1. Would you tally the residues in segment 26-61 being exposed (fewer than 12 other Cβ atoms within 10 Å of the Cβ) and closer than 13 Å to Met1 by Cα?
2. Please go through segment 74-88 and pick out each residue that is under 22 Å from Thr62 (Cα atoms) and either more than 30 Å from the chain's Cα centre (by Cα) or surrounded by 11 or more Cβ atoms within 10 Å (Cβ to Cβ) (or both).
3. With the condition kept exactly as written, say whether any residue in segment 53-74 is among the hydroxyl-bearing types (Ser, Thr, Tyr), in a helix (DSSP H, G or I) and touching a helix residue (DSSP H, G or I) at 6+ places or on another chain (Cβ under 6 Å).
4. Can you confirm whether Leu36 is closer than 24 Å to Met94 by Cβ, not in a helix (DSSP H, G or I) and not acidic (Asp, Glu)?
5. May I ask you to verify whether His64 is surrounded by 11 or more Cβ atoms within 10 Å (Cβ to Cβ), closer than 21 Å to Pro91 by Cβ and modelled with pLDDT under 90?
6. Of all residues in segment 64-92, which are among the hydrophobic types (A, V, I, L, M, F, W, C) and more than 30 Å from Glu15 (Cβ to Cβ)?
7. Would you mention how many residues in segment 3-37 are under 21 Å from Pro48 (Cβ atoms) and charged (D, E, K, R)?
8. Looking at segment 89-120, which of its residues are loosely packed, with under 10 Cβ neighbours inside 10 Å, within 30 Å of Asn60 (Cβ to Cβ) and either of a type outside the set (Ser, Thr, Tyr) or modelled with pLDDT of 75 or more (or both)?
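The values are calculated or read from the model by the stated rules, or taken from the named source; none is laboratory data. On a predicted model such as this, the values are computed, not experimentally measured, just so you know. Cβ atoms come from the backbone with ideal geometry, glycine included; neighbour counts cover every protein chain shown.
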Amino acid sequence: MRWQYFDELEADFQEYYNLDIAQVKSERAARLLFQLPHKSRVYTAISPANTWGWEEVLANKTAHLLELLVWMKTKDAQKKSPRNKPRPFVPEFMKKKTKPSPINNGSIAAYSEEINDILSRPRV
């Protein structure tokens with residue numbers, strides 16, 4: 001941490017402990033590092049998702065539900081197939097990056113009867 005996130009670590013130690021990181025022994029610095037809050041500069045540099053706590057998640061969910069309630073009163077929402085349904089806001093750093101599964105790499109799901117039918121066909 002001292003090498004990769006030195007600036008963030010120095011600022012956090014100054015803010016939370018009023019200590020100069022350069023003057024603190026490594027063992028003590030390691031113990032203090034793990035006591036820093038999750039919204040500290042070091043932890044947000046490691047994982048930007050740490051900037052959102054339960055308060056932000058709850059506020060985001062509340063805002064989305066309010067948008068949904070307002071939208072439900074529109075003519076679009078009354079249609080059989082509404083188009084402009086509000087979507088919840090998801091910050092870029094919280095979006096899940098989907099990797100192609102080694103099991104399902106472009107294949108299509110099928111029922112076992114369909115698979116048995118395909119396998120029972122004569123092979124050329």
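1. Adding up the residues that qualify gives 4.
2. Initial filter on segment 74-88 (under 22 Å from Thr62 (Cα atoms)): 74, 76-77, 82-88.
Passing the criteria: Thr74, Asp76, Ala77, Pro82, Lys85, Pro86, Pro88.
3. Step one: of segment 53-74, the residues among the hydroxyl-bearing types (Ser, Thr, Tyr) are 62, 74.
Still in the running and in a helix (DSSP H, G or I): 62.
Going one step further and asking which of them are touching a helix residue (DSSP H, G or I) at 6+ places or on another chain (Cβ under 6 Å), we end up with none.
No.
4. Working: closer than 24 Å to Met94 by Cβ: yes; not in a helix (DSSP H, G or I): yes; not acidic (Asp, Glu): yes.
When the stated conditions are applied, Leu36 passes them.
5. Numbers: surrounded by 11 or more Cβ atoms within 10 Å (Cβ to Cβ): yes; closer than 21 Å to Pro91 by Cβ: yes; modelled with pLDDT under 90: no.
In short, no.
6. Initial filter on segment 64-92 (among the hydrophobic types (A, V, I, L, M, F, W, C)): 65-66, 68-72, 77, 89-90.
Across segment 64-92, the qualifying residues are Leu65, Leu66, Leu68, Leu69, Val70, Trp71, Met72, Ala77.
7. Count: 5.
8. Residues satisfying the conditions are Glu92, Lys95, Lys96, Lys97, Lys99, Pro100.
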